[in-house]
C-alpha cells in the first residue's frame, strides 16, 4: 500500500486545479510545493487574462483546453465569488501591412470554435476607444481578466474542503518508479521534511519551470527523456495614473508571445507587457533599460502615452518548448503513451493560456489516472 494515494508536485494555478479535481473525485491528495507560498512563480507573474482561444493551431491542446477552460473559468468564478470581468479586447493592426494578419487571426479563431470575433474598421475601433491608433482591429468580447491570487485561494479551499492538503517548503528531490506493480518512491526535502521518504500510487508533475529537470531525475537511465524547456522572460511596466481604455489592447502577435499589450486589473490599473527576453536562469528583476522599447511599442497603438508615466512593475518567466521560433508552442502533457507509466502524468510548457485553461487541464489530467 502507498503512503499517499496521489501526489501533485507544484501548487501553481494548474497544480491546484488538478489537485482539487482529483479530490472532488475521491482521491487522497497531497500537493508538494517547494516555495513557502502557493502560486509564487509563473502563476503570480502573468497578465491575469482570460483568453478566448484565438491564436492557437486548430486541434492543439492549447486550442481545445483554452476554449473549454474559458467557459469553465467564467462559470467557476461566478459560482465561487472570484473577482473577474469580461472586459473584451481589441487586437489592433497598427499599420496597413498588418491588416491581412487580422483576417488570419479571425480564421484561426473560427477553426478553434471562437465565433464571436468582430472585424472593425479604424473608425469603429476608435469609436470604442478614442485614444487608440490603428488601421483596423478585431473585437474579442469573450476575453476578460481574473484575480489570479483569489482564484488560487479558492482552488486551495476546494482541495482542502475535500480532504486534500498542501505541504509548503517541500521540494521533491527525486522519484523512482517501483516497477511493474506501479507507484513511486519519493524523497522530499524542506524545512520540515529533511530526507523524508514516502510512496504514492499516482504522481502528477505540474512544476512549471522545474518540470523538465525534475522528470529527468525520475527517468535517469531510462529511454524516455522529458522535452527541454526554454525560459522566456517577460517584463511588465505599470502606468502612472488612469488609462483612457476600457478594454484590453493587443497588437498583432510576435514570435515568442503576444506582443507588448495593455491589460487592466480588477482595480482598473493599467500595465503593459510582457516583452520577450530569452534567459538561461530565473531572475525576476525588471530590466529598466527596456523601458524605451516599451514606450515605442505602446505608442504604436497609443500615441498619447506621455514620457515618464511608465514604471517597473514585475517580471515573469514562461516555460516554452521551442526556442526563438515564430508561432505558438503547444502544451505537452505526457502520459503512458510517452513514458510508459500508467499512473504518472507530466506537464511541460504550461505557459499562456495555462491560467485560462486550468480547469480544463485539470479534467484532462484527472481522466488519465481516474
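The values are calculated or read from the model by the stated rules, or taken from the named source; none is laboratory data. None of the values given here were measured: they were computed from a predicted structure. Neighbour counts run over all protein chains shown; Cβ positions are idealised from the backbone, glycine included.
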Practice problem: Working only within the range 197-219, note down all residues that are in contact with a strand residue (DSSP E or B) (Cβ under 6 Å, 6 or more places away or on another chain) and without any contact (Cβ under 8 Å) to a residue 24 or more places away in the chain. | Solution: 197
Quiz item: So residue 268 clears everything in (1) modelled with pLDDT under 90; (2) on the phi < 0 side of the Ramachandran plot except one condition, right? Which one?
Solution: (2)
Practice problem: Scan 350, 282 and give me the residue that is outside the structural domain of residue 260 (by TED's automatic domain parsing), under 18 Å from residue 210 (Cα atoms) and either touching a strand residue (DSSP E or B) at 6+ places or on another chain (Cβ under 8 Å) or at pLDDT 95 or above (or both). | Solution: 350
Practice problem: Sort out for me the strands (runs of 3 or more DSSP E) sitting completely within the range 292-370 that have 3 or more residues that are over 18 Å from the mean Cα position of the chain (by Cα). | Solution: 310-320
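Give the residues of the range 176-206 that are part of a strand (DSSP E or B) and closer than 17 Å to residue 19 by Cβ, sorted by residue number. So that I can check it myself, show each step before the final result.
Step one: of the range 176-206, the residues part of a strand (DSSP E or B) are 176-177, 184-190, 196-205.
Selection gives 184, 186, 188, 198, 200, 201, 202, 203, 204, 205.
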Quiz item: Is it the case that the range 117-124 has a residue that's within 26 Å of residue 271 (Cβ to Cβ), free of Cβ contacts under 8 Å to residues at least 40 places away in the same chain, touching a helix residue (DSSP H, G or I) at 6+ places or on another chain (Cβ under 9 Å) and outside the structural domain of residue 354 (by TED's automatic domain parsing)?
Solution: yes
Practice problem: Residues being farther than 11 Å from residue 113 by Cβ and buried (at least 21 other Cβ atoms within 10 Å of the Cβ): count how many of those fall in the range 57-75. | Solution: 4
Quiz prompt | Candidate set from the range 259-281 (those that are farther than 12 Å from residue 318 by Cα and in contact (Cβ under 8 Å) with a residue 60 or more places away in the chain); member that is surrounded by the most Cβ atoms within 10 Å (Cβ to Cβ) | solution = 273
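With assigned by TED's automatic domain parsing to the domain that holds residue 175, under 17 Å from the mean Cα position of the chain (by Cα) and either surrounded by fewer than 20 Cβ atoms within 10 Å (Cβ to Cβ) or not in a strand (DSSP E or B) (or both) as the only criterion, which of 209, 214 stands out?
The conditions single out 209.
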Self-check item: Matching residues in the range 31-41 - criterion: being more than 14 Å from residue 151 (Cβ to Cβ) and crowded, with 21+ Cβ neighbours inside 10 Å
Solution: 31, 32, 33, 34, 41
Exercise. Could you check, for the range 82-95, whether at least one of its residues is more than 21 Å from the chain's Cα centre (by Cα) and farther than 15 Å from residue 249 by Cβ?
Key: yes
